[in-house]
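Heads up, the thing below is written out as structure tokens.
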Amino acid sequence: MKSRQQIKLNEKHVKKYKKGYPLLFSQAMSNPSDVNGLEEGTLLTLTEPNGRFVATAYYGIQNKGIGWVLSKIQSEAIDDFYFKKKLYKGLEKRMGLYKNPKTNCFRVFNGEGDGIGGLTIDFFAGYYLINYYSQGIYHFKSLIEEALSEIVEYDGIYEYCRFDQNAAAQKQTDHSSQDMNDGFVMGKRAKFPIIVKENGEKFAIYFNDGAMVGVFLDQREVRRQIRNKYARGRDVLNLFAYTGAFTVFAAKGDAKSTTTVDVANRTLERTQEHFELNDISGDAHQIIIEDVFNYFDYAEKKDLTYDLVILDPPSFAKSKAMTFSAEKDYPSLLAECIELTRDNGIIVACNNSANISLDKFKQFVGKAFNMADARFEVLEYHSLPKDFRTHPLYEESSYLKVAFLKVLRKQKIEDFILEP
Ligand code: SAH
């Protein structure tokens, strides 16, 4: 068993941890140097300044903080039974998805939302992928694997370490060769790609190609809405498309045409693969490997406009054309999309930055429409789906914001001038 270290909380922060706040950060401690020299994975007994128990946490360094609370019950041991309980509860909440015949890829455990920060587990057609976000949580690896393997039926279990940059770099290898560094843990090795289904459409999943496996599971509901309600008969532009997952749903929803844009070469091969898997073909579906910012210039020059524009950029991106940060540049990026959207057309505006709150996102939308001198109507709004459980006291865990915006052009003054 790991050693334990007592950490006195700063009086100012005691109340929040008593209520159940999950993230441990340096300033919350009376003496931040208390963790100096500790091994990651050490259990921390968080106490009031007078020594009274508040919670048990583990020490693990992530960009967000230095550990996560595991339990508020003093007598609860952090042992095999603890992990089994937590994982079992997580699985129970996803029973509906396990039973859904049209979908076999989803999240079964979502970090602090399910009670253990720094740990996520996704399910892909019989295979489980465990993501560890710090060396600290990785210390509990054998307990976590054992717990998972005992409570689920599986073909195979894989892991991915988000904290180990060396391992991440090594995984950027050619995925056609089954390299041994694919994070295999137990069961049967998968043959990549694993073909999964989401609401009846297929995706190709690679665990041996870095942290991004081929699809972002958190956008499932947005993809379904695009297919079921918005795509039919429309010219669709999908920006920052990655493997074209949104494009697949637009095409399956009978879009008139689709244009898929991403700067990364892999988008061509991976989107084509998705098209083949889903029987999508023909000239109406174009894939363009280009910087989005260059594509805006090209589209303007050629007078290209669209009925449905999907905007799902990363939080940060560096390309030859420019360095993009959602926090700074989202309004101008959205304004560019408005310019490309026909009157009464729709923009699916997505943002997944944890540091951009819903209020800020709304401000960004307002600002963009001001910049483009247009008005909008919000048709629907989405946050994370239910399998991405969030923590009510930790706002950042609800990072996804997606608005379906109808673009209404302001009528030009001349339109109102009546003929004499
Ligand atoms: N919308 C995607 C996920 C986006 S991931 C989906 O639904 O699956 C972010 C993508 O943005 C990556 O594929 C990356 O290659 C791309 N990207 C980053 N900067 C870019 C730029 N300047 N122009 C075009 N694509 C860019």
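The values are calculated or read from the model by the stated rules, or taken from the named source; none is laboratory data. Remember, predicted model here, so these are calculated numbers, not experimental data. Note that each Cβ is placed from the backbone with ideal geometry, even for glycine, and that neighbours are counted across all protein chains shown.
Exactly one residue out of K89, K64 is part of a helix (DSSP H, G or I), in contact with a helix residue (DSSP H, G or I) (Cβ under 8 Å, 6 or more places away or on another chain) and farther than 21 Å from S3 by Cα, and it is K89. Of the residues making up region 203-216, those that are crowded, with 19+ Cβ neighbours inside 10 Å, more than 10 Å from the ligand (Cβ to nearest atom) and not β-branched (V, I, T) number 5.
Which of the following residues is modelled with pLDDT of 95 or more and within 30 Å of K256 (Cβ to Cβ): A231, A147, A190? Steps first, answer last, please.
Working: A147 fails: within 30 Å of K256 (Cβ to Cβ); A190 fails: within 30 Å of K256 (Cβ to Cβ).
The match here is A231.
Annotation for region 284-300: no member residue is among the charged types (D, E, K, R), surrounded by 18 or more Cβ atoms within 10 Å (Cβ to Cβ) and more than 9 Å from the ligand (Cβ to nearest atom). Quick check: is even one residue across region 322-337 more than 13 Å from the ligand (Cβ to nearest atom), buried (at least 17 other Cβ atoms within 10 Å of the Cβ) and more than 27 Å from D359 (Cα to Cα)? No; the residues of region 322-337 include none that is more than 13 Å from the ligand (Cβ to nearest atom), buried (at least 17 other Cβ atoms within 10 Å of the Cβ) and more than 27 Å from D359 (Cα to Cα).
All of L91, L143, L119, L70 fail the test of being touching a residue at least 12 places away in the same chain (Cβ under 8 Å) and under 22 Å from K188 (Cβ atoms), apart from L91.
Looking across region 355-379 at every residue that is aliphatic (A, V, I, L, M) and either touching a Lys or Arg at 6+ places or on another chain (Cβ under 7 Å) or buried (at least 18 other Cβ atoms within 10 Å of the Cβ) (or both), the one that is farthest from K406 (Cα to Cα) is identified as I356. Of everything in region 227-259 that is within 13 Å of the ligand (Cβ to nearest atom), part of a loop (DSSP other than H, G, I, E, B) and of a type in the set (A, V, I, L, M, F, W, C), the residue that is farthest from L311 (Cα to Cα) is A241.
Scanning region 227-247 for residues that are charged (D, E, K, R) and free of Cβ contacts under 8 Å to residues at least 40 places away in the same chain, which turns out nearest to L405 (Cα to Cα)?
Quick first cut of region 227-247, residues charged (D, E, K, R) only: 227, 229, 232, 234-235.
Still in the list and also free of Cβ contacts under 8 Å to residues at least 40 places away in the same chain: 227, 229, 232.
On the way: R227: 16, K229: 13, R232: 17 Å.
So the residue we want is K229.
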